[in-house]
Amino acid sequence: MQPPSVNNDDKMTSKNDENAFWVALNKQYQFLSSIIDEVVDPIIVIGTDFRVKFANRAACNFARDNACIHATEPFCYKLIFDSDIPCNKAGRDCPLIMVLENDSTAIIEIEHIRANGLKRFFEVQASPLTNKEGELLGVVESFRDVTERNKYAEMLEKGHEELEQRVFERTEELVKSNEILAEQITRRQQIERILRGERDKFHCMLMAMKQGMHILNADYTIEFQNDVVLSLLGDAIGRHCYDVYKQRSQPCDPCMMAEATKTGQVQRAEELMSNSRYFSQSYSPFKDIDGKMKCLILLNDITEEKAYAAKKIRTSQLASIGELAAGVAHEINNPINGIINYAQILLDDIGAQEPISPILKRVISEGERIADIVSKLLSFARQGDDDSQAFMETSVPEVLENSLALVRHQLIKDGIIIAVHTQPEVPNVWVHPQQLEQVFINLLSNARYALNEKFTGKDKNKRLDLQISTFAAGKTYVRTSIRDYGVGIPDGIIDFVCNTFFSTKRTGEGTGLGLSISQGLIKKFNGFLHIESEPGQYTNITVDLPAHTGGQHDGQH
């Protein structure tokens, strides 16, 4: 029996199909390369032989090598440091060697001199790059400029599905063919494996990045997300960016994506998103393989950096206030002591029976009250940052009274009725007294704001109830309760009020740091801060601190 013959037309069709697959493969490669080139951070892929296999446009600019690796595969140390010897032999850390030794992600910091002569520092993150069988092919290195900090998938799925469908249809047509037709199928399968390998490699590169990544289409729909942004914002595939980022029902105005696609320029911003965290964002426009405009969004969570900067500014301001308070206290104490002394001399001279004696006694009493207020103000202004030596055995009722002495005038002026209830024989706690005073002043200030928002003038219900008691929960705790009958906190946001930068006050009236700092201080004392509220009725905040037993310092980590 003779094998089926294959005419010239079939051979030509096979050749054309094979060429078409290679063209498709090249287009897919170009499409993926264009995406990586739009990433603003330098990214390079290094093989285990120390040769650079791939570099995006940012990496080429970083290395000051316009030709980059398109002509050769240079050694990584030559491309990055213009050195002829490996990093480990030049006294530098080598992230590739670290990955090879530990089989895990390596992070180092390098110094780099830019073309303009400026010295910059970069955080280099090297992540292992493996194939489907788990074999190490090399590393993916990304470079992030960290100079300022030191100073203070719809990718290839469509083509893959089309390819599988064509292979299936073609397989049915060639089922009766001979070995030549079977070889064509084998070639198609080889092409498919190559295409899958390229897709997996680029997918691995995208997933290895530590930046959150979204790809949007022209309708603001999210088509791709990596694991970083998935953990930050949840599964957003198929949702609109303005819904995910801002919980809006329509596009933002102005829209960073629209501006990027309109101008063809990368747009950058720092914004507070719907989850009360700050992100630096970059919007990079590009066209996909079909010529459709898309936008690549990179997100970096900078909430902690902004919180640190805000806390540093606040600390600096408190230091300035402390210096000012010390000077004012000195200037007030000298004359007030003179007034008290002169009044006492006059009282001693004229005797207690003279009509003017009660006036002199009142002068002495009021002078001592002024001196006491100045002393409390100076004590509050002198609080340290995290000086463990400032921790001491402290009376909570005394700290609360000192806090009230600083704000009582404002509360009374606003017509707020103050009631203080203290349980007898309250044990002491082990805390930083000035920092505990700062917590109480923050909470009293918030209560005053809530009461003034609800009552514009005096009212019998414009009350502030303060209570100090004890309770047992495995050990004895001292509980301070601050309850106001103001506007309350809406149910939808009560779980976020202690987040950094979250504020219910109007713009310009709050920093969003008071409760966040207060909660941090109470945690440092091994205590708990709990908030309970009924919108429009009241807000009750309790501060629970472990009683000092006289042994190990209970409130100090």
Based on Cβ point charges of +1 for Lys and Arg and -1 for Asp and Glu, what charge dipole magnitude is obtained for region 39-152 about its Cα centre, in debye rounded to the nearest 20? 440
Just to verify a number: FRET efficiency for D414 and E101, C-beta to C-beta distance, R0 = 56 Å, to 0.05? 0.25
Show me the ranking of peptides 130-136, 230-236, 56-62 by mean Cβ neighbours inside 10 Å, starting with the highest. 56-62, 230-236, 130-136
Between E305 and I356, what's the calculated FRET efficiency when r is the beta-carbon distance and R0 is 56 Å? Round to 0.05. 0.30
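Throughout, read-outs are computed from the coordinates displayed, never taken from laboratory work. Small disclaimer: the values here were computed from a predicted structure and weren't measured. With ideal geometry, Cβ positions are generated from the backbone for all residues, glycine too; neighbour counts draw on all protein chains shown.
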